[in-house]
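One structure is given here, and the rest of the page talks about it.
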Amino acid sequence: MTDLSVANTVARQMFDVESVRKDFPILSQTVHGKPLVYLDNGASSQKPTAVLDAMDRYYREMHSNVHRGAHTLGDRATAAFEGARETVREFLNARSTREIIWTRGTTEAINLIANGLAGKLKAGDEILVSFMEHHANIVPWQMLAERTGAKVIPVQVTPQGELDMDSFDSLLGENTRILALTHVSNVLGTVNPVQQLVAKARKFDVITVIDGAQAVPHYQPDMQALDCDFYMFSAHKLFGPTGIGALYGRESMLEAMPPYQGGGEMIERVSFERTTWNTLPYKFEAGTPAIAEAVGLGAAIDYLNRFDRAAMERAEQELLARSNALVETVPGMELIGTAANKVPVISFKIAGLHPSDIGTLLDQQGIAIRTGHHCAMPLMDFYGVPGTARASFAFYNTLDEVEQLFTALRKIQRLFA
Ligand SMILES: Cc1ncc(COP(=O)(O)O)c(C=O)c1O
């Protein structure tokens with residue numbers, strides 16, 4: 001635990017959204033002459049000054065390459081970089097920093113694993129995913145299946161947008177080798193009962209991979225309690241920088257896996273006769289890493305640690321409840337995804353309006369949402385829609401912004417539907 005996080009644990013701030021917003025400079029601007037209402041956090045969230053300052057300070061005061069050990073700046077950079085790894089370890093409650101691998105993000109982490117597990121699969125083996133996966137948790141498995149003769153099998157989703165447990169139970173079996181499941185759906189907001197599903201999968205000796213990209217901005221997952229083999233997330237959705245993410249891997253699994261890429265850092269010794277691999281976690285980190293970005297991610301987690309996470313979650317759930325209550329005030333509006341356990345994300349359609357037109361018309365009023373297939377085409381097919389409009393909230397959004405969204409939607413519906 002860093003000094004800063006010790007201090008923060010001692011004095012957790014209660015959650016006050018108006019003072020929190022002051023920490024995010026980008027939020028206090030106008031777009032098309034209207035105050036920005038940023039509701040595209042599922043795609044990427046905004047960065048507090050603490051993150052911007054930490055990255056700026058890193059470049060101004062300590063930048064050098066890491067792990068070279070020849071001079072003071074190198075030592076400072078290495079301490080900051082490895083300190084950030086420890087912050088991620090603590091955030092995930094992993095047993096060791098050997099289990100925390102830096103990647104470019106969730107997508108690269110899943111590709112790393114899919115590549116590393118090739119030797120474990122044979123023709124006829126099954127990789128269980130679900131209809132609510134992001135393409136990042138489908139396509140790497142399809143590529144692996146192509147290489148090995150394995151099959152990718154999707155678990156059904158209910159009309160409400162929950163994982164269909166009967167489908168899950170009937171598909172999980174002796175042939176299942178890998179379960180790759182999202183913790184939280186980026187389209188539906190559904191929180192899957194991953195701990196329960198991992199426990200079921202482990203009874204069949206299945207390798208479990210949980211995509212945490214949409215979960216970590218709302219929850220702090222505990223790797224030891226969850227007991228999955230792999231878990232990954234992207235910093236840019238967790239109020240940190242782009243270009244970096246973290247992969248948690250159970251140490252024994254990572255030890256058994258071959259490296260992903262070859263190059264500097266990931267080797268112990270290179271010769272033309274025989275090259276040997278570095279120890280964990282460096283075995284999976286070829287080349288100069290994203291050092292400033294790692295520092296930024298550490299700062300984002302330290303920033304979150306200042307707050308009472310339960311109070312933040314309650315505030316987010318109020319945003320969701322208010323949004324749900326306002327749906328009926330917009331004629332023809334229909335939610336896609338009404339699971340009992342959701343993060344504050346609403347996907348919707350409005351009769352007579354194309355989702356992309358809703359997005360454009362909202363933007364003219366300063367409101368940023370996302371429209372389209374959300375990199376989840378199989379789910380769009382399941383619901384028989386080409387795309388949806390999606391408002392995704394973060395802890396810095398306010399109830400007032402929810403009202404502004406729905407006032408704008410009513411206006412759009414009245415004028416254009
Ligand atoms: C559930 C989920 N998985 C994976 C990803 C891919 O994340 P990245 O593009 O940061 O690698 C996303 C991004 O939206 C996502 O929502």
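At-a-glance table
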{"quantity": "Whole-number percent relative contact order across the stretch 183-247, with pairs defined as alpha carbons under 8 Å at least 6 apart", "calculated": "28 percent"}
{"quantity": "Whole-angstrom gap from the stretch 119-194 to the stretch 284-310, using each part's C-alpha centre", "calculated": "29 Å"}
{"quantity": "Pair-distance profile P(r), taking every C-alpha pair of the chain, with 10 angstrom steps and integer %", "calculated": "5, 21, 30, 25, 15, 4, 0, 0"}
{"quantity": "Accessible surface, per residue, of the stretch 98-214 when the full set of protein chains is kept, probe 1.4 Å, Å²", "calculated": "36 Å²"}
{"quantity": "Test item: Cα-centred dipole of the stretch 366-411, Lys/Arg +1 and Asp/Glu -1 on Cβ, debye", "calculated": "120 debye"}
{"quantity": "Placed amide H near Ile207: partners under 5 Å, 5+ positions off or other chain", "calculated": "Ile178, Leu179"}
{"quantity": "Cα Rg over Rh - the stretch 57-305, Kirkwood", "calculated": "0.99"}
{"quantity": "Dipole magnitude of the chain about its Cα centre (Cβ charges: Lys, Arg +1; Asp, Glu -1), debye to nearest 20", "calculated": "380 debye"}
{"quantity": "Listed residue pairs exceeding 32 Å between alpha carbons, taken from Lys47/Lys151; Lys151/Lys283; Lys200/Lys237; Lys203/Lys349", "calculated": "Lys47/Lys151; Lys203/Lys349"}
{"quantity": "Phi-based couplings in Hz for the stretch 248-254 (Karplus 6.51, -1.76, 1.60; Gly and Pro marked x)", "calculated": "8, x, 4, 4, 5, 5, 5"}
{"quantity": "Mean projection area, nm², convex hull over Cα of the stretch 150-293", "calculated": "10.8 nm²"}
{"quantity": "Unit charges at the beta carbon, dipole of the chain: most positive-side option, Leu163, Val216, Thr276", "calculated": "Thr276"}
{"quantity": "Cross-link reach list, aspartates and glutamates versus Lys411, counting only Cα pairs under 18 Å and skipping chain neighbours closer than eight places", "calculated": "Glu328, Glu334, Asp357, Asp363, Asp400, Glu401, Glu403"}
{"quantity": "Among Lys237, Lys283, Lys22, residue whose mean-square fluctuation peaks in a GNM of the chain (springs only between Cα atoms under 10 Å)", "calculated": "Lys22"}
{"quantity": "For Gly105, residues with placed amide H under 5 Å, excluding near neighbours", "calculated": "Gly245"}
{"quantity": "Rounded percent of accessible protein surface that carbon and sulfur make up, the chain, 1.4 Å probe", "calculated": "51 percent"}
{"quantity": "For the chain, calculated [θ]222 nm from helices alone, where every DSSP H run of n ≥ 4 adds -39500 (n - 2.57)", "calculated": "-11500 deg cm²/dmol"}
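The values are calculated or read from the model by the stated rules, or taken from the named source; none is laboratory data. Bear in mind that the values here come from a model prediction, so they are computed numbers and not experimental data. No Cβ is skipped: glycine too gets one built from the backbone with ideal geometry, and neighbour counts run over all protein chains shown. Side chains included, ligands, DNA and RNA excluded: accessible areas come from the protein's heavy atoms. Shrake-Rupley method; radii C 1.70, N 1.55, O 1.52, S 1.80 Å.
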